[in-house]
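Structure first, commentary second.
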Amino acid sequence: MRVNPFSHVKMRRPRQRNTALNVVLLLYLISFLAPSPVSSIKVNTPAELHASKGEAVTLSCTFTSTSRPTSKMTVDWSYRPQSGGPPQTFFHFSSRAFPPLDGQFTGRIQWQGSPARGDASISLINATLNDNGTYICSVRNPPDVHGSPTSHTVLTVTPKAPSIRFSDVAVLLAFILIPSAVITLILIGRMLCPKKQRSQSKAYRSPIEVTEGEEYGIHPPGDKVKTATCCDLYLMVQYRTFHYITLSPNP
């Protein structure tokens, strides 16, 4: 009986194929289930911000990352004006802040972020109408470089509403309250004095009706001498002036 020397080879081939297929499937499952060395990052900013001219506004930017921020983390802020055009980077952070040295934002940008807390915000001081536009925040934290590493916000700066100063209010109140107070006092005085004048006018008689002794200021015994008040003196002066004018001979 002849034995084929290659018969054992034919029997081993199916087994080798099955083993290779199993190894490929195992590697695929490992690559699929194992965590990827490259993770994603997500950056968030408010859609819109509003400020008045001359105010300080905070350009808020927060981020979430699966990796802890390191010295390799970078933050870039860019600006695109309302008129359009490509965005221009004006602020950079890498271990420390690098504010703009020229351009419209010179001396008006302050770093407010904290990478350990996922904050990459900045402040814009003394906002102007020329600052209207879109601001883009970009964060890189290797190996987290994928996902949504950028976000933008639209800033609208409006003219500041006119405000009334305290000095203007004080002057206005002085012109209104002081005259009103004076007029009120005069009216109160006129309401009180005429009552005294009417009651006192009945006690006065013309010089012709003065009885003996009264013209010399001699008062009957038992009469109390009344102290003259301001209204009495005023009435006396008016009374004598009237009689002087009526009794004086015509020239």
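In the set 106, 184, only one residue is in a helix (DSSP H, G or I), exposed (fewer than 13 other Cβ atoms within 10 Å of the Cβ) and at pLDDT 80 or above; that residue is 184. Those residues that are open to solvent by 30 Å² or more (accessible area, probe 1.4 Å) and farther than 18 Å from residue 66 by Cβ, I need them from region 136-148; list them, please. Listed by number, the list holds a single entry, 136. Could you please let me know if residue 133 is without any contact (Cβ under 8 Å) to a residue 60 or more places away in the chain, out of contact with any Asp or Glu (no Cβ under 7 Å at 6 or more places or on another chain) and either within 23 Å of residue 48 (Cα to Cα) or open to solvent by 40 Å² or more (accessible area, probe 1.4 Å) (or both)? Against the criterion (without any contact (Cβ under 8 Å) to a residue 60 or more places away in the chain, out of contact with any Asp or Glu (no Cβ under 7 Å at 6 or more places or on another chain) and either within 23 Å of residue 48 (Cα to Cα) or open to solvent by 40 Å² or more (accessible area, probe 1.4 Å) (or both)), residue 133 qualifies. Inside region 84-103, residues that are within 16 Å of residue 136 (Cβ to Cβ) and part of a loop (DSSP other than H, G, I, E, B) make up a count of 6. Of the residues examined, residue 163 is one that is modelled with pLDDT under 80, polar (S, T, N, Q) and part of a loop (DSSP other than H, G, I, E, B).
Filtering region 97-129 to residues that are over 24 Å from residue 66 (Cβ atoms), free of Cβ contacts under 8 Å to residues at least 40 places away in the same chain, polar (S, T, N, Q) and out of contact with any helix residue (DSSP H, G or I) (no Cβ under 7 Å at 6 or more places or on another chain) leaves 106, 110. Candidates 151, 78, 71, 94: the one that is in contact (Cβ under 8 Å) with a residue 12 or more places away in the chain, more than 24 Å from the chain's Cα centre (by Cα), open to solvent by less than 60 Å² (accessible area, probe 1.4 Å) and farther than 19 Å from residue 45 by Cβ is 94.
The values are calculated or read from the model by the stated rules, or taken from the named source; none is laboratory data. The structure presented is a predicted model; accordingly, all values stated were derived computationally and were not measured. FYI the Cβ positions are ideal-geometry reconstructions off the backbone, even for glycines, and counts take in every protein chain you see. Note: areas computed on protein heavy atoms with side chains; ligands, DNA, RNA excluded. Shrake-Rupley method; radii C 1.70, N 1.55, O 1.52, S 1.80 Å.
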